[in-house]
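Below: the structure, in structure tokens.
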Amino acid sequence: MPTSTLTKWGNSQGIILPKSICEKMQLDVGDKLELEVIDGELRARPAKSYTIQALLEGYDGPGPEHVDYWGPPVGKEVW
């Protein structure tokens, strides 16, 4: 079983994942992980990524053209 050592990185701590673990989990540099502690064990899994299409799937409310959250532009904004 591969092991890793907790190290200090600035004001945080971190671990380096062995290449074999990254390959098994199909992880690459820059991938995000969801971390969870269950019964004293750290569990990591690839973070879910969502597309705007997936988030809006099944939505039948008004479209963005009917919502004015921000009001008129102020300054050099382009609306």
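Would you mind stating whether LYS76 is assigned to a loop (DSSP other than H, G, I, E, B), touching a strand residue (DSSP E or B) at 6+ places or on another chain (Cβ under 8 Å) and at pLDDT below 95?
The answer is no for LYS76.
Any idea how many residues of the range 1-48 are among the small types (Gly, Ala, Ser), without any contact (Cβ under 8 Å) to a residue 12 or more places away in the chain and in a loop (DSSP other than H, G, I, E, B)?
So the count comes out to 3.
Scan the range 21-51 for residues that are of a type in the set (Gly, Ala, Ser), surrounded by 10 or more Cβ atoms within 10 Å (Cβ to Cβ) and under 10 Å from the mean Cα position of the chain (by Cα) and jot them down.
Hit for the range 21-51 is ALA47, nothing else.
The values are calculated or read from the model by the stated rules, or taken from the named source; none is laboratory data. Remember, it's a predicted structure, so these values are computed and weren't measured experimentally. Reconstructed Cβ throughout: ideal geometry from the backbone, glycine too, with neighbour counts over all protein chains shown.
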